[in-house]
Structure formats: structure tokens, C-alpha cells
């Protein structure tokens, strides 16, 4: 009788071990499938950011040629240099965002991946904010001066008048502190808009995955 009981206990223990292995394997498979779902929006984000850097590369090259052609005319070369620096900075920021997105380690625990995605999301928001703030200095007057000269051979200083140009530069500078003041007031909404659909989708999916993992993950002993 004792021998039969011992055999039964061994079979039961073996069954428990197999069941535990099966649960662990199923959990690992579920985690891998969830990571595949997470990769999709982050890959789309990285690809879109990379594609967005291509116009910046073309613009930087074109401005470089313009600067070379008008190097002896500082009133045209200096606005072009300002525009070129902005284009290069935005291109570098896009490359950094793309590299960060591709560099996320999906083999880490969900909490660690959450931190990486949140860091990427914050970086995206900061890049967009600074692009808008610094863009107030280059999108209007420097771009106007360069475009008129490059495409129509028109001197913006004479056509528009230095007073007009100076007032608009001052207006652009005045917008910067206004935008900086408004940003914290609408921080959550601006953050969602600036982060973009793919990063927000990845963030939301990770939050769901973390909650699911906490509730259902097997206890590892």
C-alpha cells in the first residue's frame, strides 16, 4: 500500500513538473507574441521618422550650395546658414529618434521596456517642442529671404523693406516665450499630440501588457 502511494506521489509530482513547464512555455510564447504586437507601432515610428529626415537631408544639401554661391553676400548667406543649421539639427534629432526606437531591447522585462518607450516618447516630445520654438526664427523671414533670392533672384531687403523684416523677426522672437508659457498649461494634450499615434499606441499597449503580466504571470521559484 505504501509503495503504491509512493508511486502515486511520484506520478503526481511528475505531472506537476510537466504542468509547470507547460505553463512557463505558454507564458513565454504569449510574451513573444505580445512583443511582436509591440514591435509593429515602434517600427512604423522609426521608419516614418527616418523618412521624415530625408527632406531635411535634401534641404541641407541645397542650402549648402546656396551658401557657397552667395558666400560673398552675407545678407543672403547668413539667413541660409541659420536655416541650414536648423535643418541639420532636426535631421540629427530624427536619426537619434530612429536609432533609439530600433535599439529597444524586447528581451527585457515589460517594466524595463516601458521605461525605454517612455524615454523615447519624452525625447520625441522635446524634439517637436524645440523644432517649433526654434522654427519661429527660421520658417518665415530667413526662409523668405533665401527663397526669393534662390527662385526669383529678388532681394527681400529691398522688396519688403528692412522694417518689415525686422518687425517679423521680432514677432517670431516674441512667440517663443509665449509658446514656452503655453506648453505646461496644455502639457498632457500637447504631449499626446507631439508623441504621435505610434508611440501613444505602444505606450498604451505596454500598460495593458504590464497589468496582464501582473495578474497572470506564473510564480517562478
TODO: Only one of these is modelled with pLDDT of 80 or more, outside any helix (DSSP H, G or I), closer than 30 Å to residue 76 by Cα and out of contact with any strand residue (DSSP E or B) (no Cβ under 8 Å at 6 or more places or on another chain): 169, 154, 127, 146. Name it.
DONE: 154
Task: Scan of the range 43-66 for residues that are surrounded by 18 or more Cβ atoms within 10 Å (Cβ to Cβ) and over 24 Å from residue 103 (Cβ atoms), ordered by number - done: 60, 63, 66
TODO: Scan the range 169-176 and give yes if some residue there is surrounded by fewer than 16 Cβ atoms within 10 Å (Cβ to Cβ), closer than 20 Å to residue 90 by Cβ and without any contact (Cβ under 8 Å) to a residue 12 or more places away in the chain, otherwise no.
DONE: no
Open item on the list: With crowded, with 18+ Cβ neighbours inside 10 Å, free of Cβ contacts under 8 Å to residues at least 40 places away in the same chain and either part of a helix (DSSP H, G or I) or touching a helix residue (DSSP H, G or I) at 6+ places or on another chain (Cβ under 8 Å) (or both) as the only criterion, which of 98, 91, 85 stands out?
Closed with: 91
Task: Neighbours by Cβ (under 8 Å, 6+ apart or cross-chain): first from the range 129-150, in contact (Cβ under 8 Å) with a residue 24 or more places away in the chain; second in a loop (DSSP other than H, G, I, E, B) - done: 149/70; 149/155
Open item on the list: Looking only at the range 107-122, filter to residues that are surrounded by fewer than 16 Cβ atoms within 10 Å (Cβ to Cβ) and in contact (Cβ under 8 Å) with a residue 24 or more places away in the chain; which one of those is farthest from residue 134 (Cα to Cα)?
Closed with: 111
Task: Positions within the range 172-221 being outside any helix (DSSP H, G or I) and modelled with pLDDT of 65 or more, in sequence order - done: 196
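The values are calculated or read from the model by the stated rules, or taken from the named source; none is laboratory data. Note that the structure is a prediction, hence the values are computed from the model and not measured. Neighbour counts are summed over all protein chains in view; Cβ atoms, including those assigned to glycine, are modelled from backbone coordinates with ideal geometry.
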